[in-house]
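The structure under discussion appears below in the form of structure tokens.
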Amino acid sequence: MKAMILAAGRGERMRPLTDTTPKPLLKVGGKPLIVWHIENLVRAGITDLVINHAHLGHMIEAALGDGSPFGAKIRYSAEGEALETAGGIAHALPLLGNAPFLAVNGDIFIQYDFSRAQEMAMAMRANADMFAAYLVLADNPLHNERGDFALEHSMVKLTGQPMLTFTGVAVYQPDVFRDIERGAKAKLAPLLKTLIGYGLVRGEYHRARWVDVGTPQRLATLDRALK
């Protein structure tokens, strides 16, 4: 399967660090956030990668190249101006193909076995009419205490107990994004809520480490922990 790493965000909350460095290239534990993802994906056998970028995107391409030093094949989806998550994925669909694909936020750190994504992609192919997305959810961090979604017997719900937080790791059917005009901005949350309302989203509860690296303080804390 293919995987897309979402790396186009400006990282306003990470300023001034992101004034000169794109957020996915900020380092924790001695390597850029995005490199942790690439290495984990390759370890799981997922080597065909698409990375979108906007802010300082040339630095991402210069740092990662074609992916061969990591044992991967990387192609880039340049946006110029960031298109939000759903818009960025829609813009990259020609590179992602027609099969279910994995999407990972480039500004998170997660200890997750990405081979699980391959299993979910196979299940999606076999049950294309039954679920369109598969989300990895985790306990709520302090900055998102109310959570995003609930999980009930592997079905993602808009309400319920406990509420959990979407980690930014998911497997999607490409058709989820086909109605978004290529090059248009589009947020992911409204799209997911619509799919959840139709009962088309499944998920899992992730118990290992996950960090939304959204501020310099969280970046420094994670860096100390990994070192």
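Observations on the model:
- Residue of Lys193, Lys31, Lys157 that the Gaussian network model of the chain assigns the largest fluctuation, springs spanning Cα pairs under 10 Å: Lys31
- Pairwise centroid distance, computed over Cα atoms, of the range 57-130 with the range 167-227, Å: 12
- Straight-line cross-link reach from Lys2 at under 21 Å between alpha-carbon atoms covers these lysines, not counting any fewer than eight positions away in the same chain: Lys73.
- Dimensions of the chain from C-alpha coordinates, computed as largest minus smallest value along each principal axis and given longest first, are 43, 37, 32 Å.
- Dipole axis of the range 38-121 (+1 Lys, Arg; -1 Asp, Glu on Cβ), positive-most option in Ile74, Thr85, His58: Ile74
- 11 Å reach of a label modelled at Ala184, 7 Å along Cα-to-Cβ, counting backbone N of the range 73-102: 87
- Here the gap between Tyr205 and Asp19, fully extended at 0.36 nm per residue and compared with their Cα-Cα distance, gives a gain of 63.5 nm.
- Loop-resident chymotrypsin sites (Phe, Trp or Tyr not before Pro) (DSSP state other than H, G, I, E or B) in the range 179-217 with no more than 13 further Cβ atoms inside 10 Å of their Cβ: Tyr198.
- Subtracting the Cα-Cα distance of Ala62 and Arg43 from 0.36 nm times their residue separation leaves 4.6 nm of extension gain.
- Taking the chain as a Gaussian network of alpha-carbon nodes connected by springs under 10 Å, the highest mean-square fluctuation of the residues Ala123, Ala90, Ala103 belongs to Ala123.
- Antiparallel %, DSSP beta bridges [both residues in the chain], to 5: 50
- The chain, helix-only ellipticity at 222 nm - DSSP H runs n ≥ 4, -39,500 (n - 2.57), divided by all residues, nearest 500: -8500 deg cm²/dmol
- The P(r) of the range 64-174 has a tail past 19 Å containing 56 percent of all C-alpha pairs.
- A simple count of charges around Pro174, restricted to other residues whose Cβ falls under 14 Å of its Cβ and scoring Lys, Arg +1 and Asp, Glu -1, yields +2.
- Choice from Leu93, Leu33, Leu188 showing the highest fluctuation, given a GNM over the chain with Cα pairs closer than 10 Å: Leu188
All of the numbers you see were taken from the coordinates with simple rules; none came from a lab. Note that the structure is predicted; figures quoted are calculated from it, not measured. Methodologically, a virtual Cβ is constructed for each residue, glycine included, from the backbone with ideal geometry; neighbour enumeration extends over all protein chains shown.
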